[in-house]
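The structure is given below, and queries will be raised subsequently.
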Amino acid sequence: MYDYEAIVRASAELNELLVQQTPLGQILDGIGDLAVAVIPSCEEAGVTLEEDGRIVARTTTGSRAERVDAFQYDIGEGPCLHASKTGTVVLIEDMAVDGRWPRFASYAYGEGIESSYSIPMTAGGEHFGVLNLYSTAGPFGPADADIGGLFARDATNAVRHAAAFAKTRLLIENLHTALESRSVIGAAVGIVMSRDRLNRAQAFEKLADMSQQENMKLGDVANRITQAFETGPQTHPPT
């Protein structure tokens, strides 16, 4: 009998993390913990987040999963990497006899992992990463496949929305920074115009020349001039 109530609770917890605008790293941690809680044969789990073929974040629920995950990335082969490349679910029922990735299987078996289940996290044609499940007490079965599939779907949606929110927040922060820099540059141009009796174009050119000569960003030069102006005319740096 499947524990559908546990699946519903896990889905609700993932949604709550999104509502609270939880940082992406903490959401990945939550996905790993919930996978262990709701998938019957899963004792440890790992979540790998990818973007444009690069690993941008990775988390595991325990030291054993951390070592096993890290090993396959180090050697460049294993079920997680295959699931990522092909977009297909990869099940290793018995590490002791699986021959597809012998180095990985031998290492994982030596760590006490008897079975692994790697599920690609994809939605809307996009690939976000891989959910890695590890069992130390026998193979994953049909119940694990069914519950794992449902859970991976919810986990993928959580990662998708969290990643989109993180990108939007970064874009807004960059926009604020750009606007602040533009404001400071405008103020510095005004100071140079007034002090050196220049027109706007000449004052901006003077700032640009200082930026090149001193190997400083234009915004940093402008910030220095405005700060000096605020402390009093006697402290203006020579231009």
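The values are calculated or read from the model by the stated rules, or taken from the named source; none is laboratory data. The model shown is predicted, which means the values in this text are computed figures rather than measured ones. For neighbour counting, all protein chains shown are included, and Cβ atoms are generated from backbone atoms with ideal geometry for every residue, glycine included.
So how many residues does the range 128-160 have that are under 19 Å from ASP52 (Cβ atoms) and outside any helix (DSSP H, G or I)?
3
How many of the residues in the range 74-110 are under 27 Å from the mean Cα position of the chain (by Cα) and either charged (D, E, K, R) or loosely packed, with under 15 Cβ neighbours inside 10 Å (or both)?
8
Right, something else. Restricting to the range 15-38, count the residues that are in contact with a strand residue (DSSP E or B) (Cβ under 6 Å, 6 or more places away or on another chain) and either in a loop (DSSP other than H, G, I, E, B) or crowded, with 22+ Cβ neighbours inside 10 Å (or both).
Number satisfying all stated conditions: 4.
Out of contact with any strand residue (DSSP E or B) (no Cβ under 8 Å at 6 or more places or on another chain), assigned by TED's automatic domain parsing to the domain that holds GLY112 and part of a strand (DSSP E or B) - does that describe any residue in the range 83-95?
no
Scan the range 111-127 for residues that are surrounded by 21 or more Cβ atoms within 10 Å (Cβ to Cβ) and part of a strand (DSSP E or B) and jot them down.
Hits for the range 111-127 are SER115, SER116, TYR117, SER118, ILE119, PRO120, MET121.
Return yes or no: is VAL56 surrounded by 21 or more Cβ atoms within 10 Å (Cβ to Cβ) and under 27 Å from ALA162 (Cα atoms)?
So VAL56 does not fit the description; no.
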